Amino acid sequence: MHLSFKVMFLRIWVAFTIVLVVTGCHPRPEHENLREKVLRLNPELKRVLKFYEGDSLKYQAALFLIDNLAFYQGPAKDEMEPVYAAYEVFSTGKYSYQQALDSAARVCGKPKSLNSIVWKEDLDIDPGFLVSNIEWAFKVWREQPWGKNVPFKQFCEYVLPHRVGNEELMPWREKLYYQFMPVLEPYMDDPKMENPAFAAHILLDSLLRTPFYFTGEMSQGIRIGPKIVDWRGGSCLDLCDMLVYIYRALGIPCGIEELPMRGNNNAPHFWNFIVDPDGQTWYFSMFYWWHRLLKAEVYGDVYGKVFRHRFSLNRAMMDSLQAPPESLHPNFRYPLFEDVTHLYATDKAFTLKIESDRFVREMRNGELVYLCMSDRFSWHPVGWTRYDGSASFADCHGGTVYCLATYDAAKGVLHAVTSPFNVNVDTGEMTFYEPEESTEDVVLLSKFGMLGEFYLGRMVGGVFEGSDTPDFRRKDTLFRIGETPVRLCTAVRADSSRANRYVRYYGPAGGYGNISEAAFYASWTDTVPLRGKVIGPADGATGGHSYFNVFDGHTDTSFDYPHADGGWAGMDLGTERSIGKIVYTPRNRDNFVRKGDLYELLVCRQGEWLSYGTQVAQSDSVVFKGVPRHALLLLRDLSRGEAERLFEYKDGKQRFWKIGENKEYKLNKRTMR
C-alpha cells in the first residue's frame, strides 16, 4: 500500500466531501469533477494541456498525470537534508545506519519527524517540470527497441510518472538516461532487445556487479527519491526505488510489489517487477542478488497478500467499496495499489469463507469486514468484503495468521470480530486460535524466532579447540558444533579432558568467524569462566566486530572476520587447564531472551491481546505458568527493542509464524554486516 496515506490531501478532501454531501452517502467521486477541481486549484496546468493539443497520446498522458496529482505530495526543499546526509555516509559501506545518522546529525541536525515535515502538494506542480517529464518519458518509449512492446496503458503507469512515492520532487530522467544508457547500447542490435524483460535482465546484471549496502534500520515513512541511485544503499524499498528510477529513465516499465506484513514479520517487504509482452510477470530486486529475473509463480515467500503499487488511483476498487472515503480504513480510502496475490500464489491463492458462527458478535448484512494480518499486537487490514451471513475473501495465500475486524471511523480504531486463524499454505484449511480451559507452563527462548537471524547457521561446523602452542599447530578438539543454535547461550560438555594453555573458537568455512560470546569453564558445575589474555588473527583485532568482543561479556557484540574463512578468537590461559564446560552465544540480532530484561506475555482472545503477566528473565529463558493451550501468543521485551512476532506453543516449543522461517537467506558480505 502507498506510503503517503498517513498524510491526507486536505484540499482535495474538501472537494470530495462536497461531492459526497450533494449526491448522497455512496457516490462515485466522478473522474471529470476531480480533474476540473485540480485545474481550478492550479490553472497553470491548463497550459500543459494546451501545449499537447496537437499530440493525442501526449495529451492523454498529461491528463493521466493531472487526474492523479491530488494523491501525491513530497517534502519541501531542504526538509530532508539530515536524512540525505545519513544515506550518503551509509553508502560508503563503512558505518551502520545508526552511526551514519549520528554523524549526519552532528552536521545537519536530527531528521524531522513525519508530522513536522513541511509538505508540498503535487497540485502546485510547476507545469514546466511536468512537460519536461512527459517529453523524456515519450523519448525513451519511442526510441528504444522494446518500446513498441510496451502498451500505452502500461507506459502510463510504469514509465510516465514523475515520481515514485512521497519523495521530494526533483528532476531525474535526463541524468539517469545518460548515466545508464551506455550499459544497454552494446546490445541494441540484438533482436531480443525488443522484449523489455530482456533489457531489464541486461541492466540488472550490470547493476549487481557493483557494491550496494542493505539495512533494515531505515524508516519507510518518507521515500528518499532519485538520490538513492548514487547512494545504492538502504532498505529493500530504497533499493526497489533505485531500480524504478533507473529502469523508467530508460523506458523499461518497472514497478514495485509489496507484502504488506510479510507473514507477521511486522513490516512490509518489497521487490520489483516487470510484465513482458506475453503478460508474464517477472520479479527481481537488488536484494535477491543471487538471481536475475524469475517468473512470479516461482516466488517462494508470499505468505499473505501481494499488492502492486501503481501511480493511478484504483477507481475500480473505490467503486466496488461503495462507501465514502472517510468511512473506510485509511489503507483503502484512496487505494494506489491492486491485489496481485494470484500471480504469485497461483493455485495456492485460496478463497477464505468465514461462517457466521466464527464471529464473536452479531453482524449486520452489508457490514464492511476487513481481512487483517498481524502488526505485533494490533491488526493491519489487507482485504475487505461485505458480510452476507458469512465473509468471503478471494486470493488469500496461507502460511500466515489472519483475523477479521470492523473499523470505527469516528474513533479511528479496528475491532476484531473473530478469533485469529492460520491458513494452511497447501490446502487453505483454516485453524482458529481459541484458547482452551486447560493450561500449561511455557518455556520461552526468543521474542522473534529465527526469521532475520542470518548469522546462526554460520556456527554449524565451527569447533572449539585447545593447544599447547599459540599457533595451534597441535590441536585438541574440545567440541564441534553440529546444529544451528536455538537459544542465546548454549552450554556443552568438552569432549576432551586434556589440559591446554590456549583455547579458541575456530569458525567453519564461509562462517566469517561469527560468534558473539565464548566462555570456558574448568568443570561442568563451575559458574565463573576461566580468564586469560585474548588472542586472535592479526587482521581481526580492529573495528567494531573485532575478536575482543567474544570475551567482553556482552551478547549483543560479536566477532566478524574480514574473510569468509579462517576466523578465530581465543585466550591464552597463562597455564595449562582442563576444560569441562563451554558456553557459547552465536552472533545474533538481539531477539533472544536476555538475562535481566523485563518480559510480558500476551495471549490473544477473540482478536484482543490480554496480558498474562510480566517477569524479569533470570537466564536466557523465561517461564510463564498457567498459559491457556492452543492460544496465539506474543512475547514483549519491555526493556529494549520492538522486534516481536506471533507464535504458538506446541510440543514444548515456540512455533513462530511464518512458515519457512528457517530457510537459508542468501546474504553476502557486501550487503549484510
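When the convex hull of the C-alpha atoms of region 231-282 is computed, what volume per residue in Å³ does it have? The partial results should precede the final answer.
Numbers: hull volume 3.7 nm³, N = 52.
Once divided by residue count, the hull of region 231-282 is 70 Å³.
Efficiency by 1/(1 + (r/R0)^6): what FRET value for residue 36 and residue 557, r their Cβ-Cβ distance, R0 = 56 Å, to the nearest 0.05? Intermediate results must be reported in sequence, preceding the final value.
Working: r = 61 Å, r/R0 = 1.10.
Efficiency, rounded to the nearest 0.05: 0.35.
What FRET efficiency do you get for residue 595 and residue 360 if R0 is 30 Å and r is their Cβ-Cβ distance, rounded to the nearest 0.05? Mind dumping the intermediate values first?
Values: r = 39 Å, r/R0 = 1.30.
It comes to 0.15.
Enumerate the amide H contacts of residue 646 below 5 Å, restricted to partners 5 or more residues apart or on another chain; note that Pro and chain-start residues carry no placed amide H.
Excluding prolines and chain starts, which carry no amide H, the hits are 657.
Can you give the net charge of the other residues whose Cβ lies under 13 Å from the Cβ of residue 277, counting K and R as +1 and D and E as -1?
-1
In region 57-120, if every C-alpha pair distance is counted and binned at 10 Å from zero, what percent goes to each bin?
Pairs per bin, as whole percents: 21, 32, 22, 18, 8.
Enter the per residue convex hull volume of region 87-148, computed from alpha-carbon coordinates, in Å³ rounded to the nearest integer. Can you show the working numbers first?
Details: hull volume 11.5 nm³, N = 62.
That works out to 185 Å³ per residue.
Given Cα pairs under 8 Å that are at least 6 residues apart, what percent is the relative contact order of region 456-585?
The value is 33 percent.
Using just the C-alpha positions of region 456-585 as equal point scatterers, what log10 of I(q)/I(0) does the Debye formula give at each q in 0.13, 0.19, 0.21 1/Å?
The computed values of log10 I(q)/I(0) come out as -0.45, -1.03, -1.29.
So between residue 615 and residue 498, what do we pick up on full extension, going 0.36 nm a residue minus the alpha carbon distance?
Details: separation 117, 0.36 × 117 = 42.12 nm, distance 4.15 nm.
That works out to 38.0 nm of additional length.
How many angstrom lie between the C-alpha centres of region 308-337 and region 169-225?
For region 308-337 versus region 169-225, the Cα centre distance is 30 Å.
Which parts of region 331-354 would a label at residue 317 reach, counting a residue when its backbone N lies under 12 Å from a point 7 Å out along Cα-to-Cβ?
Once the point is set 7 Å along Cα→Cβ of residue 317, 331-341 turn out to lie under 12 Å by backbone N, inside region 331-354.
Give me, ordered by chain and number, the residues 5 or more places off residue 425 or on other chains with an amide H under 5 Å from its own placed amide H.
399
Please give the length that would be gained between residue 526 and residue 413 if that part of the chain were fully extended, namely 0.36 nm times their separation in residues minus their C-alpha to C-alpha distance (nm, one decimal).
Working: separation 113, 0.36 × 113 = 40.68 nm, distance 5.37 nm.
Contour length minus the Cα-Cα distance gives 35.3 nm.
Among residues other than residue 107 whose Cβ falls under 13 Å from its Cβ, what is the net charge (Lys/Arg +1, Asp/Glu -1)?
Here the charged neighbours net out to -1.
Work out, in µm²/s and without decimals, the Stokes-Einstein translational diffusion coefficient of the chain at 4 °C, 1.567 mPa s, Rh from Kirkwood over C-alpha pairs.
Working: Rh = 27.7 Å.
Estimated diffusion coefficient is 47 µm²/s.
Return the sequence-ordered ³J(HN,Hα) values of region 624-633 in whole Hz as given by the Karplus equation 6.51 cos²θ - 1.76 cosθ + 1.60 applied to θ = phi - 60°, using x for Gly and Pro.
With coefficients 6.51, -1.76 and 1.60, one gets 10, 9, x, 8, x, 6, 6, 10, 8, 10 Hz.
Given Cα pairs under 8 Å that are at least 6 residues apart, what percent is the relative contact order of region 484-553?
Values: 35 pairs, mean separation 17.5, N = 70.
RCO, region 484-553: 25 percent.
Any chance you could run the full-extension gain for residue 217 through residue 625? It's 0.36 nm times the residue separation minus the Cα-Cα distance, nm to one decimal.
Numbers: separation 408, 0.36 × 408 = 146.88 nm, distance 3.50 nm.
Net length gain for the segment: 143.4 nm.
Suppose R0 equals 45 Å. What FRET efficiency, 1/(1 + (r/R0)^6) with r the Cβ-Cβ distance, do residue 388 and residue 63 give to the nearest 0.05? Present the calculation step by step, with values, prior to reporting the outcome.
On the way: r = 38 Å, r/R0 = 0.85.
With a Förster radius of 45 Å, E is 0.75.
Please work out the C-alpha center-to-center distance from region 527-596 to region 267-287 and express it in whole Å.
So the two Cα centres are separated by 41 Å.
Add -39500 (n - 2.57) for each DSSP H run of 4 or more in the chain, then divide by its residues: what number comes out at 222 nm, to the nearest 500 deg cm²/dmol?
Working: 14 runs with 145 residues, N = 673.
It comes out at -6500 deg cm²/dmol, rounded to the nearest 500.
Using only Cα atoms, figure out Rg for region 198-239 and give it as a multiple of 2.2 N^0.38 Å. Working shown, then result.
On the way: Rg = 11.5 Å, N = 42, 2.2 N^0.38 = 9.1 Å.
Its radius of gyration relative to the 2.2 N^0.38 Å reference: 1.27.
Each reported figure results from applying straightforward, stated rules to the coordinates on display, with no laboratory input. What you see is a predicted model; the values in this text were computed from it and never measured. Every residue, glycine among them, receives a Cβ derived from its backbone with ideal geometry; neighbour counts consider all protein chains shown.
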